[in-house]
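Below is one structure, written out as structure tokens; comments come after it.
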Amino acid sequence: MSIITLSYVALALFLGYGVAVALSIAATFGITAVSSNFVVKDNRIKRGYKYTQDAVWLVCAIAGGYVASLVNGESHAWLVGSGLVAVLITVLWMNAWEMRQRGLGHQLVMSIVSAIGVAVGFVIHLR
């Protein structure tokens, strides 16, 4: 692999991750601003919001996968897609506070949703 190819792979991973996380943060702030009672009760994340967060994360992962695919194109799609999934899941599991708040079940669901979302984003762009 050439240095230019590696640069595109790194850029695709960076932008895919950035888009997914930025959209997730924007959605979280937006939902919380509209209805904080929907999000938390007694400093704990509510169950309904956890399901909403799972669905929102799917959309964010699709967008991140699409952007990564847009930057990278068809070359090395498996490498970039797998790399983006690995980065998203690793960061997801490294955030210990959110993991405790979310619970193991939703953490696993968000991991699976990350993989599905990135794959869907790639498929949408590469079709």
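Using the heavy atoms of the protein chains and a 1.4 angstrom probe, tell me the accessible area per residue for the chain in square angstrom. Before the final figure, lay out the partial values.
On the way: 7410 Å² over 127 residues.
On a per-residue basis, 58 Å².
Which whole-Hz ³J(HN,Hα) couplings does the range 51-67 yield from phi under the Karplus relation 6.51 cos²θ - 1.76 cosθ + 1.60, θ = phi - 60°, glycine and proline marked x?
In residue order, the calculated couplings are 5, 4, 4, 4, 5, 5, 5, 4, 4, 5, 5, 4, 4, x, x, 4, 5 Hz.
Mind ranking 6-14, 64-72 by how tightly packed they are, going by the mean number of other C-beta atoms within 10 angstrom, highest first?
Values: 6-14: 16.3, 64-72: 24.3.
Most protected by this proxy first, the peptides run 64-72, 6-14.
With runs of 4+ DSSP H residues as the only contributors, calculate the mean residue ellipticity of the chain at 222 nm using -39,500 (n - 2.57) per run, divided by the residue total and rounded to the nearest 500.
It lands at -29500 deg cm²/dmol.
Please determine, in degrees from 0 to 90 and to the nearest 10, the orientation of helix 3-34 with respect to the longest principal axis defined by the Cα atoms of the chain, where the helix direction is its Cα long axis.
With both axes taken from Cα atoms, the answer is about 20 degrees.
Provide the per-residue ³J(HN,Hα) series for the range 79-90, in order, calculated from phi with Karplus coefficients 6.51, -1.76, 1.60 and θ = phi - 60°, each as a whole number of Hz, with x at glycine and proline positions.
Going residue by residue, I get 5, 5, x, 5, x, 5, 4, 4, 5, 4, 5, 4 Hz, with x marking Gly and Pro.
What are the radius of gyration and Dmax of the chain, computed over its Cα atoms and given in Å?
15.5, 53
If you find the alpha carbon centre of the range 90-114 and of the range 11-62, how far apart are they in angstrom?
Their Cα centres are 12 Å away from one another.
Show the residues, 5+ positions off or on another chain, whose built amide H is closer than 5 Å to the amide H of Val40.
Answer set, sorted by chain and number: Lys46.
The values are calculated or read from the model by the stated rules, or taken from the named source; none is laboratory data. This is a predicted model, so every value here is computed, not measured. All Cβ positions, even for glycine, are placed from backbone atoms using ideal geometry, and neighbour counts span all protein chains on display. For the accessible areas, the whole protein counts, side chains as well, though only heavy atoms, and no ligand, DNA or RNA atoms are used. Shrake-Rupley method; radii C 1.70, N 1.55, O 1.52, S 1.80 Å.
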